[in-house]
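The values are calculated or read from the model by the stated rules, or taken from the named source; none is laboratory data. These figures come from a predicted structure and were not determined experimentally. Backbone-built Cβ (ideal geometry, glycine too); neighbour counts: all protein chains shown. In case anyone asks, the SASA skips ligands and DNA or RNA and just uses the protein heavy atoms, side chains included. Shrake-Rupley method; radii C 1.70, N 1.55, O 1.52, S 1.80 Å.
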Amino acid sequence: MNKFIISATAFALATSSFMASAQNNFNYNVDRFADIEVLRYQVPGFESLSLQQKKLVYYLTEAALQGRDILFDQNGKYNLAIRTTLEEIYTRYKGDKNSKDFKGLEKYLKQVWFANGIHHHYSMDKFVPEFSKEFFAQQVKKVGKKHLPLAKKQSVNDFIAEISPVIFDPTVMAKRVNQADGVDLILTSACNLYEGVTQKEVEDYYAGLKDPNDPTPISYGLNSRLIKENGVIAEQVYKIDGLYSPAIENICQWLNKALSVAENDDMKAYIQKLIDFYVTGDLKTFDEYSILWAKETKCDIDFINGFIESYGDPLGMTGAWESIVNFKNKQSSVRTQIISENAQWFEDNSPIEDVFKKKKVKGVSAKVITAAILAGDSYPATPIGINLPNANWIRAAHGSKSVTLENITDAYDKAAQGNGFNEEFVYSDVERNLMKQYGSLADNLHTDLHECLGHGSGKLLSGVDPDALKEHGSTLEETRADLFALYYLADPKLVELGILPNAEAYKAEYYKYVMNGLMTQLTRIEPGKDIEEAHMRNRHIITQWAYEMGKTDKVIEFVKRDGKTYLRINDYEKLRVLFGHLLAEVQRIKSTGDYAAGKKMVERYGVKFDRSLHMEVMARYARLNIAPYKGFVNPVYTAVTDNAGNITDVKIDYTEGYVDQMLRYSKDYSPLTK
Ligand code: ZN
């Protein structure tokens, strides 16, 4: 529920003079293909960690890389076979590497690596290959039986016949996660979380397990694939000796090593619980782990590793495997510490109805972190903020941990400098200067507020099913957290607390948010399509609603100049009031589980947009030649050992390229394809 991903254009906007002066010769730009740009991030402070901490990071990064295959398989049941086959063709190919077919295959493979499967990581649409079926068949035969991922007794020809439609036929497995209204979302989604079951059967199955009066429900379906065999519906649980066992065994092996160098007993306890969870697959154990993890706030090093976010499931239940290893950025964490210390004040003064407020906000711990590795669902495309655990009752009773990944936002900012985006889309120098001065800070602060307070604020009325908003739950939860952040960004309290320098700074984020929500995020939508992704819908709901509600007062205005459309905010204070009103309504929907109102809000404000504006923005954006999606390669960590095999140091290296990294991961971290 709770990852905060960078907006379509945020990376292009936040530039500050501070950052420009801190520029070094680090090469942020790694690769460019299709609609993707691959960047590199720095891990400042890694060298200053103690040897024990470096070892801990090293073991955890190894545990992180071992799960890559799991996500590929969750995203689609042919993904691993396709990836392996394409890699075999790619690395063995002896023909003309400038031929249209080979170039097409290379591009497709790069897309598959980036998306952890054959569907776009964001739009969820299947990639369109730019190489021929005949070329593919011919090359598969050249690779030969020995190196292909054939099923038992399968011939090469049968393999080609099975795989080809999955790659080439646009009607086969067209969409990874379908959110379209009025169809069976399970049957029309290509993800590999269900097999042979209808949406109704899935809903009935879990409804049968749920006890509506259980105050501490487990996260049903989080770690399993639901199948029907011989007419019986059953869960295949992700665990040791269950589904994905070879990968999970490797993860546990590295977690065990991490256990030996844990920073303190609390950390030891939660790592041990996580291992127990991987061994048993028991979701009660996962909740116990989540509580121990949420409560541990003393250590510098931290990590997530597991089945976490459920955006990849059309019904929002099963968690996609991911891992991020990180350590605390102490300097920037002062900011989030102030926010979390004042959490109760923010809750008490929120514009929502009193009955929906938390009487006592539980331990919101927030910090700014430096990511050391990104893996699974967080790689190569990654969130810039995370708030976990996801279970509502754990958040309410035990609090949550919220992080902002500042070395990642920093890399986005630096890689985007001078790309011409602001000059093209921002209305005037007034807004541009605001953004230049305060954009970076206000943007990070938005993430802090969204993660640290937004998701954690408010409560469900007793008896309300946390999944009551169903397919609109993710969108509305993001809407709520964003509105909370936007509302408070403009609060004098932030200046009073010394987090924002003055009463103007928030306008940088307001402008950016509105421009993005109503205009520039549309660059991610293909002509003729609707808005589908939860975060994009959320931003459109907020900005479209505020635009319409403030129309008579011209709070937000579309202005034409030289045939181009721009946005102008005429009344920032009124805009804040509107954000407050919408927050109250979205909180009411969430707290009371008002599915009908939630659905109406999403469909009315979040899905449709002005088609002619879309075409205009696309044309202007195309001329800038900026890739709409970005992701990262990881640094390479190498353990230095003495003669006895003891680790004496861990070295970090930033020179590995995108293709090299992907091929190395497939070779060294592929327990499910070997
Ligand atoms: Zn969020």
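Some points to look at:
- Phi angles of the range 434-439 translate, via the Karplus equation with coefficients 6.51, -1.76, 1.60 and θ = phi - 60°, into HN-Hα couplings of 4, 5, 5, 6, 10, x Hz per residue; Gly and Pro are given as x.
- Extending 7 Å from the Cα toward the beta-carbon at both SER260 and ARG604 defines two label points whose distance is 6.1 nm.
- Of the cross-linked pairs LYS436/LYS590; LYS77/LYS630; LYS470/LYS574; LYS55/LYS273; LYS55/LYS512; LYS560/LYS599, those separated by over 30 Å at the C-alpha level are LYS436/LYS590; LYS470/LYS574; LYS55/LYS512; LYS560/LYS599.
- Rolling a 1.4 angstrom probe over the protein heavy atoms with all chains in place gives the range 22-89 an accessible area of 31 Å² per residue.
- Å² per residue, accessible surface of the range 566-607 at 1.4 Å: 39 Å²
- Once the Cα gyration tensor of the range 620-671 is diagonalised, semi-axes √(5λ) in Å: 36, 14, 7
- Rounded to the nearest 20, the Cβ-based charge dipole of the chain about its Cα centre (Lys and Arg +1, Asp and Glu -1) stands at 1020 debye.
- Cross-link partners for LYS359 among the aspartates and glutamates, with Cα-Cα distance under 14 Å and sequence neighbours closer than 8 places in the same chain left out: GLU347, ASP348.
- Rolling a 1.4 Å probe over the protein heavy atoms leaves ILE291 with an accessible area of roughly 30 Å².
- Size of the range 532-638: Rg and Dmax of its alpha carbons, in Å, are 17.8, 61.
- For VAL403, neighbours were defined as the other residues whose beta-carbon sits under 10 Å from its Cβ, and their charges (Lys and Arg +1, Asp and Glu -1) total -1.
- Taking 29 Å as the limit for the C-alpha separation, the pairs LYS175/LYS228; LYS358/LYS608; LYS133/LYS175; LYS100/LYS146 exceed it in the case of LYS358/LYS608.
- Normalised alpha carbon radius of gyration of the chain [divisor 2.2 N^0.38 Å]: 0.93
- Cβ-based net charge around LYS358, under 12 Å, with every Lys or Arg adding one and every Asp or Glu removing one: +3
- Radius 11 Å from Cβ of TYR412, net charge of other residues (Lys, Arg +1; Asp, Glu -1): -3
- DSSP assigns beta bridges within the chain; of those with both partners inside it, close to 75 percent run antiparallel.
- Pairwise alpha-carbon distances in the range 288-360 exceed 17 Å for 66% of all pairs.
- Rh (Kirkwood; distinct C-alpha pairs) - the range 543-582, Å: 10.4 Å
- Highest-first arrangement of 236-248, 659-671, where packing means the average Cβ count within 10 Å: 236-248, 659-671
- Protein heavy-atom accessible surface, 1.4 Å probe, per residue over the range 162-234: 48 Å².
- What the Cα convex hull of the range 359-454 gives, in volume per residue, is 139 Å³.
- Gap separating the Cα centres of the range 153-178 and the range 75-104, nearest whole Å: 15 Å
- Carbon and sulfur %, accessible surface of the chain computed with the full protein complex present, 1.4 Å: 51 percent
- For ILE373, distant residues with modelled amide H under 5 Å away: VAL325
- Descending semi-axes in whole angstrom, ellipsoid equivalent of the range 435-583, from the Cα gyration tensor: 24, 22, 14
- Taking every alpha-carbon pair in the range 192-240 and binning the separations at 10 Å intervals from zero gives 23, 54, 21, 1 percent.
- Its Cα centre serving as origin, the range 499-627 has a Cβ charge dipole (Lys and Arg +1, Asp and Glu -1) of approximately 180 debye.
- Computed over the range 407-489, the ratio Rg/Rh where both radii use C-alpha atoms and Rh is Kirkwood: 1.11
- Computed per residue of the chain from DSSP H runs no shorter than four, each worth -39500 (n - 2.57), the mean residue ellipticity at 222 nm is -14000 deg cm²/dmol.
- Accessible area (Å², 1.4 Å probe, nearest 10) - THR655: 110 Å²
- When each of the peptides 418-428, 334-344 is scored by how many other beta carbons lie within 10 Å of its residues on average, the order from highest to lowest is 334-344, 418-428.
- About its Cα centre, the dipole of the range 389-459 is roughly 460 debye, where the only charges are +1 on Lys and Arg Cβ and -1 on Asp and Glu Cβ.
- Accessible surface ranking that places the most exposed of ARG176, ARG611 first, with a 1.4 angstrom probe: ARG611, ARG176
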